Each structure stands twice: as structure tokens, then as C-alpha cells.
1. Can you compute the modelled spin-label distance between ASP201 and ASP355, with each label point 7 Å from Cα toward Cβ, in nm?
2. ³J(HN,Hα) across the range 393-408 via Karplus (A = 6.51, B = -1.76, C = 1.60, θ = phi - 60°), whole Hz, x for Gly/Pro?
3. Cβ neighbours within 10 Å, averaged per peptide: list 281-293, 327-339, 436-448, 524-536 in order, most packed at the top.
4. Report the Stokes-Einstein translational diffusion coefficient (µm² s⁻¹, integer) for the range 332-417, Rh taken as the Kirkwood radius over Cα pairs, at 20 °C with viscosity 1.002 mPa s.
5. Using amide H atoms built 1.01 Å from N in the peptide plane, name the residues 5+ places from ASP451, or on other chains, whose amide H lies under 5 Å from its own.
6. Could you run the Karplus curve 6.51 cos²θ - 1.76 cosθ + 1.60 with θ = phi - 60° over the range 248-258 and give me ³J(HN,Hα) per residue in whole Hz, x for Gly and Pro?
7. So how much slack lies between GLU300 and TRP435, counting 0.36 nm per residue of separation and subtracting their Cα-Cα distance, in nm?
8. Amide H to amide H, which residues 5 or more places from CYS463 or on other chains are under 5 Å from it, using H placed in the peptide plane?
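Every number here is computed from the coordinates shown, using simple stated rules; none is lab data. Keep in mind it's a predicted model, so treat the numbers as computed, not measured. Neighbour counts are summed over all protein chains in view; Cβ atoms, including those assigned to glycine, are modelled from backbone coordinates with ideal geometry.
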Amino acid sequence: MIVSNFSEKTLTIIDNGIGMTKENIVKYIGVVACSGTKEFKSQFPLDSDIFLFGESGTGFYTAFKVADKIQVITKHKDDDAYMFECTNLNSYTLRPYDGEEEIGRGTRVILHLIPSKRSLLAPFMLAESLDSHFFHIDYPILIETLWNDDNDKMIQHLKYMKTHVWSSDFDTLTEKECNKLYEEISMDQNSHILVRHIKYDDASISFDALIYVPKKNPHFCTWNIGEYNVHFIWRGLKIPKRKERLLPPYMDFVLVVVNVDTALLNANRTDLQGHLRQKIGEVLTDKILCVFSEIAQDPEMFDSFHRQYYKNIEYGVLSDPKNCQKLLRLMGFYTLKNPGKAIQMRGYVDQMEPDQKEIYYLVEDDLKLISNSPLLEHLRKRDYDVILIEGGIRQEIFGMIKSYENMELMDVNKVTQDPENIPAEDYSKIWGEYWFMCEKIKEVLGDKIVDLKISHVPLDVPCCISTTKEGADGIVNKTLMVNHKDPIINCLKELINKMENPDIFWKNIVTLLYSTAVIRSGNILENCRVLSKLMFKLVNKYLED
């Protein structure tokens, strides 16, 4: 039992073991650097490779790191109860225990905490300390918190994993034991998508590890600092974590248990050798990516994985240039041919038409509207699939990556605007015929568009809107794409060319065409009142005629 007393600022550790006689106290506690562990080893022919904690004999006095006074009350079955008390390493007092509370067999150590360490009284701080140093204990430890002088109590049971699981070779663990290990470490009651046991052995380092991919985003990945998702174990004992990051941030949801060899530890067996942590982190990163690739091979597992962790993968593509192509394969996309279920990039490539040389994608803010974009018509006619992307981080990813497996990533908006992307008629000839109309249309629309271009891809409408986003604020720039083969556009051209000073009639036609194109593209119309008035006039004129 561990008792934290807030009013007295003490932390008391209590056991019901064999206790100590007066002679034991003088011999083992009253003398610095007297090791009972070393004496124990000398009495038995133990394997020379066996390491036991406590051989230095200074463990008890490390309590002065957190306390300015230590009291020990102990009773052995063959002796009376005694109280040992010290405030420094130079002297101590030892007397028969005369307190009011009856003491049974066992020992209690009372630490009077220094001000800077009184946060240890908090139950969650105690729990974290126990988790770090005593996770291998195979029986419950009771925490009792005394809040005030009236001894109001809060009792909490902490249960720990059975020793044989922690100390066993990972090869021998059953599926049930692997699941139990995950549950105890992660405090996550949900199961995991996949667990894999990996081994690594080269000239400089050797270890094995269990890699867990949780089914749901676990609580520990939100901490976002240090090694909270990587646990090092040596001979059944947990090695304290550091605040230095071991895995990339986008892998924070993965839980890893690493079983390390003695050769990887420092002299006092409390930490890994500094230069080895980075090496282990690099190896684990590669192994975890292999586990992700395995998940991607199973449609059911990938669907669950993608729904939970697609944001992590997207962040990884942007932040990890070394592995961005591997991570890109793990992203799921909706496409024209697969609007209801996300497919991987590899799946898109496998479904490409034989004559298709590029990967096409279209960026819009609303996936429900994007599939109806007139910009897609020429690709539909060629039976090409198009990746549909909502604006944001994915647009940034595709703008950065540029290619996948030597195939260029083509933005449909830019394909429509750029005459070099798709063969077309001689541009100068077409522009010479339509330039006057285009200039007049730009005068009417003003700053509603950034440019007007003749489309070099087949359109089934007179005109459409092609959009691009620029800057951190995602400002939408609209370009009006005109279909020079459409009869409405050709009639409009003739009308404008015949009029030296075009009247309000054709200006209204331009406004109607632009407004219709904006709505068709899924964009927000700047002024709906203007469009509605024009539509009512058009209906009225039709009815009058």
C-alpha cells in the first residue's frame, strides 16, 4: 500500500513482509553502501550473467532526492517494533516504536517530501510512477489518499500485468497474451487492427518488438510529446521514457513494445545508450511502414485504418519527404468511378485505361458537387477516372508530390486552361477569331474572374468555371473557360462583332452565361438577385412572345 497524506506532506510505503530486527536495521539501513543484494548473490552460485538491482547499497538513501526526513517503522516476528529516523547521511536515531497505532509484521517507510516534490502526492502522479517502475509486479498495489486532517480517503486499486508475460520471449506469447499486453500498456479497451512481432539484428544493434495498430485513435496519441507510444522492456522491467521523440509525429497512434538486450543499456541498466535510440527509431519507422503496407493489402482492414488515421497519413506525406511515396500509397481517394468507397492510389493506377499516361485529379470544396463539373466531360468520354479532392491539405499534397510511380499528377483545372496539355487546333487562329468577344466579356465581368480563356478540351456547355486556390487563405481565383464550338458562343460572337457599342441585351446574356457556369461548377454566386431578375425577364419575354 502507498499512502499520500496531503495535510502532513508525507508519502508512506507499507508492506506486510518479514520486517526487520534491530540488528537488520543497524546493518542494512544504518550503513551506507551495505548491499544485501550483493550478500545474497555471494551465498549462491548464480549465473554470472544475472543482474540484480540493488548491488550498490545506496538505493535507500536516494529517497533524499525527494524527502528531507525519512522514517522507517518495522517489525519482525522475532523482535519488537522499531522506528528508524534520519534527516541526512551523517546520523540517525533508532528507538523502540511507541506510537498509538498497533504495528503488525512488515515495514513502512515515511517520506517527508520537500516542497518541490509534493506533486508526487497526487494519485495520478503516483500511478504514473508505478507504471514506469513497477509494471512487472504481479499483485495489486493499493493507493490511499488522505485529503485533510479528518482523514477523508480516496482508495484506488492499480492492477499490473503478470510477470511471465513481460519476461517471456515475444515469440512464445499467445494471441490472448498479446491482446492482454496491449490492453495493460495502452489502457485502451478497444481491440487493435493488427499486431506484428518483428526482429532486427545487425552488427550494431539487436532487438525484437511488438507493433500494435489500434482499431480506434487511442488517447495516448494526443499527448504528442516524447516516447509515450514506445515502451522499452529489459528482462520484464520497463525502462523510463524520455521526452525526445522516437517516431515521426504521424505515427503517434501506433503502440510499440521493444524488448531490448543488456548490451543496449547504459552502465546502471536504467536507460538505453544514447546513440542507439535514434537507430532504433529509424528501424521502427521502416518496420511500421511495412505493417501499414500489409494492412493496405486487406480491403477490410484498410477501410478501418483509413477512416481512423487518414489525417495522420496526410500529415506524414507532407512532413516526411523520405517516405512520402510509401505513405501516398496508403491514402484513400474517392474517384469518378468510385464515389462511395475510398480506393488506394495503387487501385487507381490498376484501373487506368491503356492509353492513359497521367493521373488526373480535380479539386473542389464539395465532393457532392465536384462529380458534376463540366470540366470532367472530356475525360468521361475517354473513360478516364479522376481523383476527387476537397480543398485543403490534399490539394497541398498533390501540388507538392507532382508524380507517382513516374506518372504525372494532372490538375483537371490546369489541363483545361493549358493548350499544351491536350492537342488542339492552332491557338493563334482561334484566338484571332474570338479575341474581340473575349475582351468585351472580360469588361462586363470585371474582377469576378481573373482571366478568360478558350477551352482546348471538349465541353458540353457554352462555358464553365475553372478555379484555383492561392495563398494561405485559400483565395479562389475563377477563370471563365469558353467553348468556341458551342452555337450560343458563336451567336454571341456575331452579335458583339456587329455592334460598335454593345447594348444591355448582350451584357445580360454574358451575365446569365457566367452565373449559370458558376452555379454549375458548385461555386457560390456573388449576387443572386441579379440572376433572378434576369431569369424573370427572360421568362416574361418568352411568355409574351
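1. Each label point lies 7 Å from its Cα, and together they span 5.6 nm.
2. For the range 393-408, the Karplus curve yields 5, 5, 5, 5, 4, 5, x, 8, 5, 6, 8, 9, 6, 6, 10, 6 Hz.
3. Values: 281-293: 17.1, 327-339: 18.8, 436-448: 15.2, 524-536: 12.2.
Listed from highest to lowest mean packing, they are 327-339, 281-293, 436-448, 524-536.
4. Details: Rh = 12.9 Å.
Roughly 166 µm²/s, to the nearest whole number.
5. LEU480
6. Listing the rounded values in order: x, x, 6, 9, 4, 7, 7, 9, 10, 10, 10 Hz.
7. Numbers: separation 135, 0.36 × 135 = 48.60 nm, distance 5.45 nm.
Stretched fully, the GLU300-TRP435 segment lengthens by 43.1 nm.
8. So CYS463 has HN proximity to ASN483.
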